[in-house]
1. Residue 64: surrounded by fewer than 19 Cβ atoms within 10 Å (Cβ to Cβ) and in the same structural domain as residue 179 (by TED's automatic domain parsing), yes or no?
2. Got a number for residues in segment 13-71 being on the phi > 0 side of the Ramachandran plot and outside any strand (DSSP E or B)?
3. Is there any pair with a first residue in segment 38-55 that is farther than 16 Å from residue 197 by Cα and a second that is surrounded by 10 or more Cβ atoms within 10 Å (Cβ to Cβ) whose Cβ atoms are under 6 Å apart and which are 6 or more apart or on different chains, and what are they?
4. From the list 102, 7, which one is in contact (Cβ under 8 Å) with a residue 12 or more places away in the chain and over 16 Å from the mean Cα position of the chain (by Cα)?
5. Which residues, counting only those in segment 104-117, are part of a loop (DSSP other than H, G, I, E, B) and at pLDDT below 60?
6. Collect the residues in segment 142-170 that are modelled with pLDDT under 90, part of a loop (DSSP other than H, G, I, E, B) and surrounded by 13 or more Cβ atoms within 10 Å (Cβ to Cβ), keeping them in residue-number order.
7. Test residue 93 against the stated conditions and say whether it is modelled with pLDDT of 95 or more and buried (at least 19 other Cβ atoms within 10 Å of the Cβ).
8. For segment 171-180, check the following and say yes or no: at least one residue is in a loop (DSSP other than H, G, I, E, B), in the same structural domain as residue 90 (by TED's automatic domain parsing) and modelled with pLDDT of 95 or more.
């Protein structure tokens, strides 16, 4: 299993410092730092996923639990879009993947608060990065939303970049939330409480 590149500075720093303290006979402190380094390796794991290839599917961009399926008053896609909100605990894979193939139409970063990611208000008030993808016939959007602990949102693509369905596009560090916006008329295939996996779970089918 791979490790996301964003995790290596944490892992190497903690394990290196822990090894040094252990060599200096500060065994308790050294073991604690090394254990934190191993947890970071677990947190930043980046497993391969089998990407569904049937036409018209929208995939989950993140691992986690669906905490809301609703039609919000406002969305990046305009009226009638369905929002699927996914909560990522610190034990979930935090690598984010593209829900559809297409072109990056818009990327907008917004600073904000750090409410717990499972709080519905986090969708509007927390630090977040909003992305709109288009395949020339439809548009799907998602928001990477920082949580109570997370303070760093990573998005590796730029406007006009092309992405493949299920391709790795970024991550949110240490607990977060991802909101996916499906265009009006999409057949939603998940409900509140469902567990989903980024890049492999189908959350919607485009009409």
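The values are calculated or read from the model by the stated rules, or taken from the named source; none is laboratory data. What you are looking at is a predicted structure, and each value in this text was computed from that prediction instead of being measured. Positions of Cβ are generated from backbone atoms using ideal geometry, with glycine treated the same way; all protein chains shown enter the neighbour counts.
1. no
2. Going through segment 13-71 one residue at a time, the tally reaches 2.
3. So the pair list comes out as 40/7; 40/10; 40/11; 41/11.
4. On the way: 7 fails: over 16 Å from the mean Cα position of the chain (by Cα).
That would be 102, the only listed residue that is in contact (Cβ under 8 Å) with a residue 12 or more places away in the chain and over 16 Å from the mean Cα position of the chain (by Cα).
5. 114, 115, 116, 117
6. Correct list: 147, 148, 149, 150.
7. no
8. No, segment 171-180 contains no residue that is in a loop (DSSP other than H, G, I, E, B), in the same structural domain as residue 90 (by TED's automatic domain parsing) and modelled with pLDDT of 95 or more.
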